[in-house]
Amino acid sequence: MNVDSCDPPDNLKVFVARCEARAALWQLGELSLHDAVDVLEAFRKQLGLDADTAQLEMARAFSRVRDDLNGWVVQ
């Protein structure tokens, strides 16, 4: 995204970036899964995103950093 742009950021892209960041912090042990997901759910409501879409994006982000799925990632 161009920082000089006057266009507002896409809410879904911002949410996905936050999901990926929270997933990385959870993987590193900096956050509990409960804390990570609670903050994302509150942010979802703030952005007005659909709950199903948000759940899918959270599942995608967290599946990428899990080591118990043998490389399986939510598509």
Which whole-Hz couplings ³J(HN,Hα) result when phi for each residue of the stretch 49-64 is put into the Karplus expression 6.51 cos²θ - 1.76 cosθ + 1.60, θ = phi - 60°, listed in order with x for Gly and Pro?
-> 7, 4, 4, 5, 5, 5, 4, 5, 5, 5, 4, 4, 5, 6, 5, 5
Cα gyration tensor of the stretch 11-65, axes a ≥ b ≥ c as square roots of the eigenvalues: rounded (a/c below 1.5), prolate (a/b > b/c) or oblate?
-> prolate
Averaging sequence separations of C-alpha pairs under 8 Å and six or more residues apart, then dividing by the length of the stretch 11-65, give the relative contact order as a whole percent.
-> 51 percent
For the pair residue 63 and residue 30, the simple spin-label estimate (label points 7 Å beyond Cα toward Cβ) gives in nm 2.5 nm
Hey, with R₀ at 30 Å, roughly what FRET efficiency would residue 21 and residue 70 work out to, going by the Cβ-Cβ distance, to 0.05?
-> 0.80
How large is ³J(HN,Hα), in whole Hz, for each residue of the stretch 23-33 in order, when computed from phi with the Karplus curve 6.51 cos²θ - 1.76 cosθ + 1.60 and θ = phi - 60°, using x for Gly and Pro?
-> 4, 5, 5, 5, 4, 7, x, 7, 9, 7, 4
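Read-outs throughout are calculated quantities, based only on the coordinates presented, and are distinct from any laboratory measurement. Model, not experiment: these values are computed from the prediction. In this analysis, Cβ positions are derived from the backbone assuming ideal geometry, glycine residues included, and neighbour counts consider all displayed protein chains.
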